[in-house]
Amino acid sequence: MIDLHGMTSPNVRKIFIALEELGLQYRFHHVKVLLGEQFGPRFRALNPNSKVPVIVDHDGLDGEPVTVFESGAILLYLAEKAGRFLPSTRGAHYEMLQWLMLQVANVGPMLGQLNHYVMYAAEGNDYSLRRYRNEALRLYALLDERLADRRFLAGDYGLADIATWPWLAYLERHGQSWAQYPNLRRWHDAIALRPAVTRALEAIARIEKDDAATMAEASPATLDRFFNRTGP
Ligand SMILES: N[C@@H](CCC(=O)N[C@@H](CS)C(=O)NCC(=O)O)C(=O)O
């Protein structure tokens, strides 16, 4: 059994999708990040970086319980556990890793920063907004270009696609239209039709009320801490 600690954010969605795709049994534990639960000693024992997602596999690869944080590392762990989504040739393996790393190092952080400046930063953010919007648009264009002559980001459908797909939910909120990115749209819509993705989205919908309840409870002070406006 695998315990997944998280909320409904895109980095956690990746893990829901992977668990469903790989047919691994899991239980979900909601972490109240808007209230600062990730900074407490119980959560920091799982991830000293105070971020979700985290998994605890009680039946780890070496027969011992294992804890894994960082969504990219979790995806690789789950793929190894299930013996799927790991390409068999070295060339294909590194091609997959490149696009997985590109998601973890670029798509997530840049789109995440743009979300922050579009949705939450009220004052004095023209420079930041412009910078992150330009980076996000560059990445949307890069993904669209990559998908011009292939169905998936790296070989067959796999970890790079699973990692990237949840982030595309923000494309329209970032002022973009799907018509601008026809290849990305085809890829996005094909993945949305996968039964495992439907199951993952159903599981996520069931916990949306927990995120909403946490948001309702959050105070200006807990939000300041969550957004790291006041420093460590
Ligand atoms: N690089 C990390 C990023 C994880 C991350 O940023 N998680 C956010 C939610 S999507 C979080 O836990 N935020 C709480 C906080 O920053 O205090 C990963 O891919 O797992």
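The values are calculated or read from the model by the stated rules, or taken from the named source; none is laboratory data. Everything numeric in this text was worked out from a predicted model, so none of it was measured. Glycine also receives a Cβ, built like all others from the backbone with ideal geometry; neighbour counts cover every protein chain displayed.
Quick notes
- Search result, residues across segment 99-113 that are closer than 17 Å to residue 228 by Cβ and either modelled with pLDDT under 95 or among the polar types (S, T, N, Q) (or both): 113
- When the criteria are applied in full, residue 71 fails the requirement of being at pLDDT 95 or above, within 12 Å of the ligand (Cβ to nearest atom), surrounded by fewer than 19 Cβ atoms within 10 Å (Cβ to Cβ) and assigned by TED's automatic domain parsing to the domain that holds residue 206.
- Matching entry among 153, 137 (being at pLDDT 95 or above, outside the structural domain of residue 16 (by TED's automatic domain parsing) and part of a helix (DSSP H, G or I)): 137
- In segment 155-186, residue surrounded by the most Cβ atoms within 10 Å (Cβ to Cβ) [restricted to those that are closer than 28 Å to residue 89 by Cβ and among the small types (Gly, Ala, Ser)]: 163
- Filter pass, residue 54 being under 17 Å from residue 210 (Cα atoms) and buried (at least 21 other Cβ atoms within 10 Å of the Cβ): no
- Boolean, residue 58 is away from the ligand (no atom under 16 Å from the Cβ) and over 18 Å from residue 162 (Cα atoms): yes
- Taken over segment 124-141, the criterion of being without any contact (Cβ under 8 Å) to a residue 24 or more places away in the chain and either under 23 Å from residue 72 (Cα atoms) or of a type in the set (A, V, I, L, M) (or both) is satisfied by 129, 132, 138.
- Residue ID - farthest from the ligand (Cβ to nearest atom), chosen from residues in segment 34-54 that are within 15 Å of the chain's Cα centre (by Cα) and among the aliphatic types (A, V, I, L, M): 54
- The sole residue among 77, 94 that is over 22 Å from residue 210 (Cα atoms), buried (at least 17 other Cβ atoms within 10 Å of the Cβ) and more than 9 Å from the ligand (Cβ to nearest atom) is 77.
- Where a residue in segment 165-183 is modelled with pLDDT of 95 or more and its partner, wherever it lies, is not in a helix (DSSP H, G or I), with Cβ under 7 Å and at least six apart: 178/171
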